[in-house]
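Novice: After the structure tokens below, expect a handful of questions from me.
The values are calculated or read from the model by the stated rules, or taken from the named source; none is laboratory data. On a predicted model such as this, the values are computed, not experimentally measured, just so you know. Counting neighbours? That spans all protein chains shown, and the Cβs are built from the backbone with ideal geometry, glycine included. We work out accessible area using only protein heavy atoms, side chains counted, and drop any ligands, DNA or RNA first. Shrake-Rupley method; radii C 1.70, N 1.55, O 1.52, S 1.80 Å.
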Amino acid sequence: MRFPRTLTVPLGAAALAAALAAAVLLCGCAEPGGLKVSGPAQSPPAATGGPVYVSEGPGKSPLRRPAALPVSETVRLAGLRWRTWGGATAVAVGRVEGAWCGPGCQEGPRRATVTLSGLVRQDRSAYYSRATVEPGGLPAERSVPGPAGLRDLRLHVPQR
């Protein structure tokens, strides 16, 4: 009595055959005019392909991971230790100093978490254009600069 031989197929060949079969099935489902795509385009990735900076103001050199940064006429960040940098946001912990809050918090600098955002791309680099400062033990709404307080501070972005 003769038994049929077992056919062995290498794993890579089996995967290739499965992928080709799936491609044939998917292509067979498209409309005669081609595949139609609708909806909003995806956002570009956060990577800029170059360095990311923050600016202290007009005429000042761009900074990367600064230890201190003035964010308005009355608010200065100091002792910054950056947890992230270079992506869509940058996050640091440090201190917020200056005449930034109302009564009840003038006893000195406060620990704060800082988030930079709003990347503006320029040629081969980018700049953060916004800062959010969250002072420890005090709601950001108690701050003075601007109607959004420390939640939406605009940062200088140099012109190209």
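Novice: So which residues in region 124-145 are surrounded by 15 or more Cβ atoms within 10 Å (Cβ to Cβ) and at pLDDT below 80, if there are any at all?
Specialist: L138, A140, R142, S143, P145
Novice: Inside region 47-62, can you point out the residues that are open to solvent by less than 40 Å² (accessible area, probe 1.4 Å) and closer than 14 Å to L155 by Cα?
Specialist: Result: V52, V54, S55, G57.
Novice: I'm trying to understand the selection: among the residues of region 51-74, which are of a type in the set (S, T, Y) and either closer than 26 Å to R111 by Cβ or in a strand (DSSP E or B) (or both)?
Specialist: Y53, S55, S72, T74 - these are the residues of region 51-74 that are of a type in the set (S, T, Y) and either closer than 26 Å to R111 by Cβ or in a strand (DSSP E or B) (or both).
For every residue, the table says whether it meets (1) at pLDDT below 60; (2) part of a loop (DSSP other than H, G, I, E, B); (3) under 19 Å from the mean Cα position of the chain (by Cα).
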| position | (1), (2), (3) |
| --- | --- |
| T6 | yes, yes, no |
| A18 | no, no, no |
| C27 | yes, no, no |
| S38 | yes, yes, no |
| A46 | yes, yes, yes |
| G49 | no, yes, yes |
| A88 | no, yes, yes |
| A92 | no, no, yes |
| A99 | no, yes, no |
